[in-house]
Amino acid sequence: DAGVISSIRSAASHLEQLGSVVEEVSMPSFSLGLPAYYILASSEASSNLSRYDGIRYGQQVSADDLNEMYGDSRANGLGHEVKMRILMGTYALSAGYYDAYYKRAQQVRTLVKKSFEEALGKYDILISPAAPSAAYKIG
């Protein structure tokens with residue numbers, strides 16, 4: 001967004017006026033972070049939330065048999081978004097896809113981390129927007 005770019009350039013200019021040396025740096029691996037995050041966060045959510053089965057943890061629903069109780073407890077105890085993340089994470093962690101998704105996302109995370117370490121080894125701070133556009137107006 002043009003407004004975001006303008007704000008970032010204005011902040012950098014202000015720091016320059018205060019005596020900082022400002023240089024533009026390229027971090028190509030930075031754009032890979034978000035897709036890796038979604039895979040890793042979903043996988044960790046799947047792994048960590050699996051214990052919420054309505055028996056040991058979470059909301060327990062009364063049912064006639066054990067399978068029905070498990071199904072109903074999980075269906076009623078977790079919201080739609082949580083269930084979607086668990087499903088995506090379970091898929092990424094499954095035997096046939098572990099290397100293609102989870103392992104690859106871990107490698108990408110390491111790449112992004114190394115590029116940040118390299119940049120922060122040379123520079124004291126990195127200036128970047130937190131989002132590509134301004135927040136929506138309230139209402």
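Scan segment 87-108 residue by residue and report those that are open to solvent by 90 Å² or more (accessible area, probe 1.4 Å) and either in a helix (DSSP H, G or I) or in contact with a strand residue (DSSP E or B) (Cβ under 6 Å, 6 or more places away or on another chain) (or both). Walk me through how you get there before you give the answer.
In the first step, residues of segment 87-108 are kept if they are open to solvent by 90 Å² or more (accessible area, probe 1.4 Å); the result is 87-88, 91, 95, 97, 99, 104, 107.
Residues satisfying the conditions are 87, 88, 91, 99, 104, 107.
Please work out which one of (1) part of a loop (DSSP other than H, G, I, E, B); (2) among the hydrophobic types (A, V, I, L, M, F, W, C); (3) within 19 Å of the chain's Cα centre (by Cα) is the condition residue 84 fails and give its number.
(1)
Under 8 Å between Cβ atoms, at least 6 apart or on separate chains: pull out the pairs that start in segment 32-57 with a residue that is more than 14 Å from residue 69 (Cα to Cα) and end on any residue that is not in a helix (DSSP H, G or I) and not small (Gly, Ala, Ser).
Between residues of segment 32-57 that are more than 14 Å from residue 69 (Cα to Cα) and residues that are not in a helix (DSSP H, G or I) and not small (Gly, Ala, Ser), the close pairs are 49/78; 51/57.
Among the candidates 47, 73, 43, which residue alone is hydroxyl-bearing (Ser, Thr, Tyr), open to solvent by less than 80 Å² (accessible area, probe 1.4 Å), part of a helix (DSSP H, G or I) and closer than 30 Å to residue 119 by Cβ?
Selected residue: 43, the only one of 47, 73, 43 that is hydroxyl-bearing (Ser, Thr, Tyr), open to solvent by less than 80 Å² (accessible area, probe 1.4 Å), part of a helix (DSSP H, G or I) and closer than 30 Å to residue 119 by Cβ.
The values are calculated or read from the model by the stated rules, or taken from the named source; none is laboratory data. Quick caveat, the model's predicted, so the values are computed rather than measured. Glycine gets a Cβ as well: all are built from the backbone with ideal geometry, and neighbour counts include every protein chain shown. To get the accessible areas, we keep the full protein, side chains included, count just its heavy atoms, and leave off ligands, DNA and RNA. Shrake-Rupley method; radii C 1.70, N 1.55, O 1.52, S 1.80 Å.
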